[in-house]
Amino acid sequence: MGNLFGRKRRSRVTEQDKAVLQLKQQRDKLRQYQKRISLGLERERELARQLLKEGKKEKAMLLLKKKRYQEQLLDKTDNQISNLERMVQDIEFTQIEMKVIEGLKIGNECLNKMHQVMSIEEVERIIGETQDAVEYQRQIDEILAGSLTEEDEDAILEELNTITQEQLELPDVPSEPLPEEPPEAAPIKNRPKPELVAAS
């Protein structure tokens, strides 16, 4: 029972899967960071407008510099997100390529085993024997076709008809006439009615 619960199940998650997951998590964090900065930029723009109305030009200028710096950060995070997504796509495509290569490898091994069972020499031998048999049959056909006369053809057709008739042969029809039906076997309706005898 200890072995049952103590046995470690082999994980199907590969190192590449873990790497893809981490990259996607980093991408999502950068997107959240972008969203937070974008909301802050809108607030700072409104605040700078308010400061200008109040005549605080220096503070408004400082706030706009900060805003500009954050906009540059947004551009950098866009590039980083693009790089992460490209890397994820590269890893996933490489995984597909690895599966294709593994499939080709298995297929190649299977073909090699089949080639060991049937070599080129064996195939050439079988094809050669088949061609020899076809040529031999052709020669026989030519000999038979050239040696038969019209009488032979007629005799063959007659024998063929005879065999066909034998297969379809019906029983002989009796030559004697059929016996006439005896009078007692005549139908009831043709028999004479018995006379009624009066009771004395």
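Each value in this text was obtained by applying a stated rule to the coordinates, not by laboratory testing. Owing to the predicted nature of the structure, the values given are computational and were not obtained by experimental measurement. Here Cβ is always computed from backbone atoms with ideal geometry, including for glycine, and neighbour counts include all displayed protein chains.
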(request) Please label the shape of region 26-175 as rounded, prolate or oblate, based on the square roots a ≥ b ≥ c of the eigenvalues of the alpha-carbon gyration tensor (a/c under 1.5 means rounded; beyond that, a/b larger than b/c means prolate, else oblate). (result) prolate
(message) Suppose every Lys and Arg Cβ carries +1 and every Asp and Glu Cβ carries -1, with no other charges. What dipole size does region 16-73 come out with about its Cα centre, to the nearest 20 debye?
(response) 80
(message) Could you compute the net charge surrounding Gln25? Neighbours are other residues with a C-beta less than 15 Å from the C-beta of Gln25; K and R count +1, D and E count -1.
(response) +2
(message) Can you give the local net charge around Asp78? Use residues other than it whose beta-carbon is closer than 12 angstrom to its beta-carbon, Lys and Arg +1, Asp and Glu -1.
(response) 0
